[in-house]
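The values are calculated or read from the model by the stated rules, or taken from the named source; none is laboratory data. These numbers were taken from a predicted model, which means no experiment stands behind them. FYI the Cβ positions are ideal-geometry reconstructions off the backbone, even for glycines, and counts take in every protein chain you see.
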Amino acid sequence: MKYEIIRSNRKTLAAQIRDGKLIVRAPFRATAEEIERFVRKHRQWIETHLAKAQEAEKAAQNTHKLTDEEVKALVDRALKVIPERVAHYAPLVGVTYGRITIRNQRTRWGSCSSKGNLNFNCLLMLAPPQVLDSVVVHELCHRKEMNHSAHFYAEVLRVFPDYWEQYEWLKQNGSRLLALLP
C-alpha cells in the first residue's frame, strides 16, 4: 500500500485520507518498521476510508459547481445570518468575540483565533440551521478552551446538547457541500 509519511513532534502514529491518498503522520523517532506495522494493523480502516474518498471524488466530479455569483450570494447571506447566531450564543457560552469573517474554505467549517476572531465557511448557509448553530457554538467554546479536550466538549454540550447529531450530519454531508465550490 502506497502512502506519504509526514514526520513531526507528535507522540503517536496517525492515518489520514486526504485528496484520495493515504498520509501517515509519524513522530520523528518512529522507524520504518513501526510505520509499516501501523499501516498493516489499520489496513481495513484505511481501505474503507480510501473507498469512501474515491466515491466522494466521483460524486464531486458529477456535481454542479457554484458560480462565483452564487458563492458571493452565500457570503452575503452568511454576513447577515452568522453574526446574529454568534450574538445569540455568545452570552449563553459566556464569552466575547472579535471580528467575524466569512470565507469559502475547502477544509474548515469554522475557526477561532487566539485573539477571539471567528471565521466561518459560507457553505454553512446550505446546511440545516441547527448544523450552523453547532459550528457557531463550537467556535465560541474555543474562547474558553483553545483545544478539543473533555472540558471543551463538556462546554459545547452544556450549551448545545445535540451537538453530536449535528456533527454527524456534517461528517456525512459536508463533503457534498464542499464539492460545490468552484
Test for R99: is it of a type in the set (D, E, K, R), out of contact with any His (no Cβ under 9 Å at 6 or more places or on another chain), without any contact (Cβ under 8 Å) to a residue 40 or more places away in the chain and not assigned by TED's automatic domain parsing to the domain that holds A53: yes
Total residues in segment 147-171, condition part of a helix (DSSP H, G or I), surrounded by 15 or more Cβ atoms within 10 Å (Cβ to Cβ) and touching an Asp or Glu at 6+ places or on another chain (Cβ under 8 Å): 3
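Out of everything in segment 86-125 that is among the small types (G, A, S) and out of contact with any Lys or Arg (no Cβ under 7 Å at 6 or more places or on another chain), what residue ends up being surrounded by the most Cβ atoms within 10 Å (Cβ to Cβ)? Reasoning before the result, please.
At the first step, the residues of segment 86-125 found to be among the small types (G, A, S) are 87, 90, 94, 98, 110-111, 113-114, 116.
Now drop any that are not out of contact with any Lys or Arg (no Cβ under 7 Å at 6 or more places or on another chain), which leaves 87, 90, 94, 110-111, 113-114.
Details: A87: 12, A90: 17, G94: 13, G110: 21, S111: 16, S113: 15, S114: 8.
That would be G110.
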Checking K144 against (1) surrounded by 15 or more Cβ atoms within 10 Å (Cβ to Cβ); (2) assigned to a loop (DSSP other than H, G, I, E, B), the condition it does not meet: (1)
Every pair of residues 6+ apart whose Cβ atoms lie under 6 Å, when the first sits in segment 107-120 and is assigned by TED's automatic domain parsing to the domain that holds K80 while the second is aliphatic (A, V, I, L, M): W109/V135; G110/V135; C112/L118; L118/I100; F120/I82; F120/I102
Of the criteria (1) surrounded by 12 or more Cβ atoms within 10 Å (Cβ to Cβ); (2) assigned to a helix (DSSP H, G or I); (3) modelled with pLDDT of 95 or more; (4) not hydrophobic (A, V, I, L, M, F, W, C), which one G174 fails: (3)
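With the structure loaded, tell me whether V137 is hydrophobic (A, V, I, L, M, F, W, C), farther than 30 Å from Q54 by Cβ and not in a loop (DSSP other than H, G, I, E, B) or whether it fails that test.
Working: hydrophobic (A, V, I, L, M, F, W, C): yes; farther than 30 Å from Q54 by Cβ: yes; not in a loop (DSSP other than H, G, I, E, B): yes.
In short, yes.
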Count - residues of segment 21-45 that are under 25 Å from E57 (Cα atoms) and surrounded by 11 or more Cβ atoms within 10 Å (Cβ to Cβ): 9
